[in-house]
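Down below is the structure, laid out as structure tokens.
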Amino acid sequence: MTSAPLAAAAARLDADHAASDLRELFLLPDDVVYLDGNSLGALPRHVPDVVARAVLEDWGGELVRAWNSREWWRAPERVGERLAPVLGAGTGQVLVGDSTTVQLHQTVSAALRLRPDRRVVVTDPGAFPTDLYVVSGLVEARGLELVLASPAEVPAVLAERAAEVAVVVLQHVDHRTGELWDLPGITEAAHTAGALALWDLSHSAGALPVDLDAHEVDLAVGCGYKYLNGGPGAPAYVYVARRHQAAYTPDLRGWHGHAEPFAMSPTWRPAEGVRRARLGSPPLLSMLALEAALDVQDALPVARVRERSLSLTRFLRACVDELAPGLVPLTPEADEQRGSQVAWSHPAAWGVVHALAARGVIGDFREPDVVRLGVAAPYLTHADMLTAATRLGELLDAGEHLAGRPRPLVT
Ligand SMILES: *Cc1c(COP(=O)(O)O)cnc(C)c1O
């Protein structure tokens, strides 16, 4: 039972936003509304051919020669340059490499060496678990102090412990609630205290403007397989502001980041610029898939993606309010405080997510009671938002969420 006024609103909004509908660029099943692009982005239609060519012609035909002839060696910098405009970064500051976990370890350790006389690291207790594990591991190994504070509280912590904080490590958008934090304000507060600001952009880059250079962010990392659609396990990226590059010295170093990798020297002499953030041989096939997927970013500037995303998430929320009461919103209502997802709490959240998937709407569940619907704007419509809310209302009315289904390993 779809509401007629909402259906009319969806049609009107989709007509208004027709120019930013990139659905045709993606391969998606017809019978699915895909609201989990913030966990694994959809497959751009042209990527399989690019990957097949890389496997058959480059790997199969060129073999080891492809490091030169197909420029495999330069892929981390090349793909970084492709990504830089999406992050609001000028040239020579972005590199694509390993997983987010690895890149974060690298950048946090480098940040600590940039502030050797400071003993405090500040991070968000609500951060993505891998971020918390990486930060606490480095803090433990160096005997430093970890201060846990929500991003809203971080400016006060910085003011209070100004002389002690080395680095603030925060997620730009909360992975659970979808709250968008004040990157410019917190970065400025960190600098006023003499500290560095390191941002995890996994849930923002590709979905909204980040403007790293304009806000003078020091360091950043982020995931390649969410809003950037790089595919399962796609490599992550690192941003090192040019002013920090000469002193950027991570704990984790590799031969690809050496000034002369093929000198095979026993001592690490870092390459110039962001190239020193390279580690060992990167996951090349995944990197080439990510490179091809970035064509989609060229088709729609990130500011336009943001407009579309805000309209979609606003409408999704309104539809759920009307058609599926009983879900309690966790995501801020104000546009400027919302990333590109909407989350609600519900006592039977896992049952809701499972029953919703059975009705063709794929979202995800997060502990303890969160229903999370990600909105990757380029391939979703307002009609999709209404379908999702309608299915939610129907399954709740029918009690389908109470069936008590076992949880798989990945939710
Ligand atoms: C998705 C995500 C990660 C993923 O880390 P991997 O090492 O790439 O698995 C890390 N941090 C945040 C904030 C994320 O959203």
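The values are calculated or read from the model by the stated rules, or taken from the named source; none is laboratory data. Fair warning: this is a prediction, and the values are worked out from it, not measured in the lab. Don't worry about glycine lacking a Cβ; one is built from the backbone with ideal geometry, like all the others, and counts go over all protein chains shown. Note: areas computed on protein heavy atoms with side chains; ligands, DNA, RNA excluded. Shrake-Rupley method; radii C 1.70, N 1.55, O 1.52, S 1.80 Å.
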Exercise. For residue 175, which sequence-distant residues (separation of 5 or more, or a different chain) have an amide H within less than 5 Å of its own amide H, given hydrogens modelled in the peptide plane?
Worked result: 128
Seminar exercise, completed: The rounded separation in angstrom of the Cα centers of region 127-184 and region 239-293 is 25
For this session: Over region 143-183, with every protein chain in place, what whole percent of the accessible area is carbon and sulfur at 1.4 Å, could you tell me?
Result: 53
Exercise. For region 281-411, what % of the accessible area comes from carbon and sulfur atoms, probe 1.4 Å?
Worked result: 55
Seminar exercise, completed: About its Cα centre, the chain carries a charge dipole, from +1 on Lys and Arg Cβ atoms and -1 on Asp and Glu Cβ atoms, whose size in debye to the nearest 20 is 960
For this session: Using only Cα atoms, locate the centre of region 17-31 and the centre of region 49-120, then give the distance between them in Å, rounded to an integer.
Result: 29
Seminar exercise, completed: Cα gyration tensor of region 170-215 diagonalised, 5x eigenvalues square-rooted, in angstrom largest first, produces semi-axes 19, 12, 8
Exercise. In percent, what relative contact order does the chain have, based on Cα pairs under 8 Å that are 6 or more apart in sequence?
Worked result: 22
Problem set entry | Stokes-Einstein D (µm²/s) once Rh is taken as the Kirkwood radius of region 315-368 over alpha-carbon pairs, at 20 °C in 1.002 mPa s | 179
For this session: Name the helices (complete DSSP H segments) of the chain with a Cα length along the long axis of 30 Å or more and a Kyte-Doolittle mean of at least -0.5, or state none.
Result: 302-323
Problem set entry | Binned Cα-Cα distances of region 93-195, short to long, each 10 Å bin given as a whole percent | 15, 49, 34, 2
Exercise. Stretched out fully, how many nm does the piece from residue 46 to residue 130 gain, at 0.36 nm a residue minus the Cα gap?
Worked result: 27.1 nm
Seminar exercise, completed: The answer for GluC sites (Glu not before Pro) in region 175-277 that fall in a DSSP coil and have at most 13 neighbouring Cβ atoms within 10 Å is 272
Problem set entry | Cα-derived Rg to Rh of the chain, Kirkwood definition | 0.99
For this session: Classify region 266-348 as rounded, prolate or oblate from the Cα gyration tensor: take a ≥ b ≥ c as the square roots of its eigenvalues, call it rounded if a/c is under 1.5, otherwise prolate when a/b beats b/c and oblate if not.
Result: prolate
For this session: Consider all pairwise Cα distances in region 210-336 and report the whole-number % of them above 18 Å.
Result: 69
Exercise. Once the dipole of region 215-333 is set up with Lys and Arg at +1 and Asp and Glu at -1 on Cβ about the Cα centre, which of 254, 324, 239 lies farthest towards its positive end?
Worked result: 254
For this session: Rank 189, 277, 377 by mean-square fluctuation in a GNM of the chain with C-alpha springs under 10 angstrom and give only the top-ranked residue.
Result: 189
Problem set entry | Ratio of Rg to Rh over region 302-411 (Cα coordinates, Kirkwood Rh, two decimals) | 0.96
Exercise. Going out from 0 in 10 Å bins, what whole percent of all Cα-Cα distances in region 227-296 drops into each bin?
Worked result: 19, 40, 33, 8, 0
For this session: Go through region 69-151 and name the GluC sites (Glu not before Pro) that are in a DSSP coil and have 14 or fewer other Cβ atoms within 10 Å of their Cβ.
Result: 71
Exercise. Any idea how far apart residue 56 and residue 69 come out in nm if each label point goes 7 Å out from Cα toward Cβ?
Worked result: 1.7
For this session: Using just the helices of the chain, give the 222 nm mean residue ellipticity in deg cm²/dmol: DSSP H runs with n ≥ 4 each add -39,500 (n - 2.57), and the total is spread over all residues, rounded to 500.
Result: -11000 deg cm²/dmol
Exercise. Among 387, 194, 10, whose Cα sits farthest toward the positive end of the charge dipole of the chain (+1 at Cβ of Lys/Arg, -1 at Cβ of Asp/Glu, about the Cα centre)?
Worked result: 194
Exercise. Can you give me the Cα centroid spacing of region 305-354 and region 375-411 in angstrom?
Worked result: 11
Problem set entry | Unit charges on C-beta of K, R, D, E only; dipole of region 1-40, Debye | 140
